[in-house]
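Just below is one structure, and these are the notes that go with it.
The values are calculated or read from the model by the stated rules, or taken from the named source; none is laboratory data. This one's a predicted model, so the numbers in the text were calculated from it and none came from an experiment. Cβ atoms come from the backbone with ideal geometry, glycine included; neighbour counts cover every protein chain shown. Heavy atoms of the whole protein, side chains included, go into the accessibility calculation; ligands, DNA and RNA do not. Shrake-Rupley method; radii C 1.70, N 1.55, O 1.52, S 1.80 Å.
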Amino acid sequence: MIASILLALATPTTDIAPMIRHEVERPDGSAVTYWLEDTSGRSSEIVLVMQGTGCEAVLSKPNLRVVAETLRPNARILLIDKIGSGTDDGMPLVDGCSQRYWNQYTLSQRVQDCLRVIADLRRQTWWNGGIVIFGGSEGGAVAALLAPLVPETKAIIVLSSGTGIPIGDLIRTALPQQMSAEASVAFAGAHEQPTGQKRWAGLSYRWWDDAVDIVPARSLAQSPAPVLLIHGAHDKSSPVFSARAGRDLLQGAGKTNVTYREFAGLDHSMRDASGTDHMNKVLRGAREWIEALDYADQ
């Protein structure tokens, strides 16, 4: 029920380097799976692209790689699977996802997994010590939470994510009226019983318990790195006022390196009323913004 960002871009060409699977261990012994572009060991920056809502494996979304290639064509692409994503545990799916995903996936879990991956990558000699973080929709919230915890962050791009108000309030405004009226009961139930066995609006009570009160921009304000906020004025999944609130919160906190781009007539997926896709143009603009940054000043 919660719309995730649709990156409707061209399919990656066959000459893009393969993605190599890596794992790093969590304290409980389970593995975080991440995928790193194979670029023959050359020294490079990392571009981390994080998808929105859903339990699909990252490699099932080839457009994530297109985003990375568009933003930073000379960087090494990093994609990180959510806990319980895909179907590799062989267990039956519940409402389209593994029970492990329902039981354990939260925004905080996702941030912790990203931190473990980045810590693992610090041991690599090819990494030049810079990372650009991009997140769309729910991934934008994760980018905002993650960035201040990663000192190597050179730039943060948040697309179609209303970071300036509590996530619970954001969801209320985006849902149909009947479901929005159910929100208070669902949120209270999630706080009382944060379990993966119960779900509301496409997400588990465990997820809601973790996320309801988070205001992602409050964390983002703590990062010294430049921020680009991108939003469509006709976004119905993350209404535009929530993005403007994120901009205002960051500026009110004294963060001066914030760029806000609002596109009239475009929706959550950067499409106009006729259905024409403008995502490539939007991302090319984001690439130009990154290229104009002077990392030496950070």
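Determine if the range 109-121 includes at least one residue that is small (Gly, Ala, Ser), out of contact with any Pro (no Cβ under 7 Å at 6 or more places or on another chain) and either outside any helix (DSSP H, G or I) or more than 22 Å from Ala243 (Cα to Cα) (or both).
Looking for residues that are small (Gly, Ala, Ser), out of contact with any Pro (no Cβ under 7 Å at 6 or more places or on another chain) and either outside any helix (DSSP H, G or I) or more than 22 Å from Ala243 (Cα to Cα) (or both), one finds at least one in the range 109-121, hence yes.
Within the range 160-180, which residues are in contact with a helix residue (DSSP H, G or I) (Cβ under 6 Å, 6 or more places away or on another chain) and either within 21 Å of Thr259 (Cβ to Cβ) or in contact (Cβ under 8 Å) with a residue 24 or more places away in the chain (or both)?
Across the range 160-180, the qualifying residues are Ser161, Gly162, Thr163, Gly164, Ile165, Ile167, Gly168, Leu170.
Can you name every one of the helices (runs of 4 or more DSSP H) wholly within the range 214-294 that holds 1 or more residues which are within 21 Å of Leu107 (Cα to Cα) and open to solvent by 20 Å² or more (accessible area, probe 1.4 Å)?
216-220, 240-252
Take the conditions surrounded by fewer than 20 Cβ atoms within 10 Å (Cβ to Cβ), at pLDDT 75 or above and not polar (S, T, N, Q) and apply them to Arg65. Does it pass?
No; evaluated as a whole, the condition is false for this residue.
Is it the case, given these coordinates, that Ser108 is open to solvent by 30 Å² or more (accessible area, probe 1.4 Å) and either under 13 Å from the mean Cα position of the chain (by Cα) or aromatic (Phe, Trp, Tyr) (or both)?
So Ser108 fits the description; yes.
Quick grid of which residues meet (1) modelled with pLDDT of 85 or more; (2) closer than 20 Å to Arg100 by Cα; (3) in a loop (DSSP other than H, G, I, E, B); (4) open to solvent by 80 Å² or more (accessible area, probe 1.4 Å):
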residue	(1), (2), (3), (4)
Ile5	no, no, yes, no
Ala10	no, no, yes, no
Thr14	no, no, yes, yes
Gly29	yes, yes, yes, no
Thr33	yes, yes, no, no
Ser40	no, no, yes, yes
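Anything in the range 90-105 that is assigned to a helix (DSSP H, G or I), open to solvent by 40 Å² or more (accessible area, probe 1.4 Å) and under 18 Å from Glu23 (Cβ atoms)? List them, or say none.
Arg100, Gln104
Just a yes or no: is a residue in the range 224-238 out of contact with any strand residue (DSSP E or B) (no Cβ under 9 Å at 6 or more places or on another chain) and modelled with pLDDT under 95?
Yes.
Given (1) open to solvent by 70 Å² or more (accessible area, probe 1.4 Å); (2) assigned to a helix (DSSP H, G or I); (3) under 18 Å from Gln109 (Cα atoms), where does Gln197 come up short, assuming only one miss?
(2)
Just give me the residues in the range 42-62 being of a type in the set (A, V, I, L, M, F, W, C) and either over 19 Å from Leu146 (Cα atoms) or open to solvent by 20 Å² or more (accessible area, probe 1.4 Å) (or both), in sequence order.
Answer for the range 42-62, where residues must be of a type in the set (A, V, I, L, M, F, W, C) and either over 19 Å from Leu146 (Cα atoms) or open to solvent by 20 Å² or more (accessible area, probe 1.4 Å) (or both): Cys55, Ala57, Leu59.
Output the number of the condition that Ile133 fails; it satisfies all remaining conditions of (1) over 10 Å from the mean Cα position of the chain (by Cα); (2) open to solvent by less than 10 Å² (accessible area, probe 1.4 Å).
Among (1) over 10 Å from the mean Cα position of the chain (by Cα); (2) open to solvent by less than 10 Å² (accessible area, probe 1.4 Å), the lone unmet condition for Ile133 is (1).
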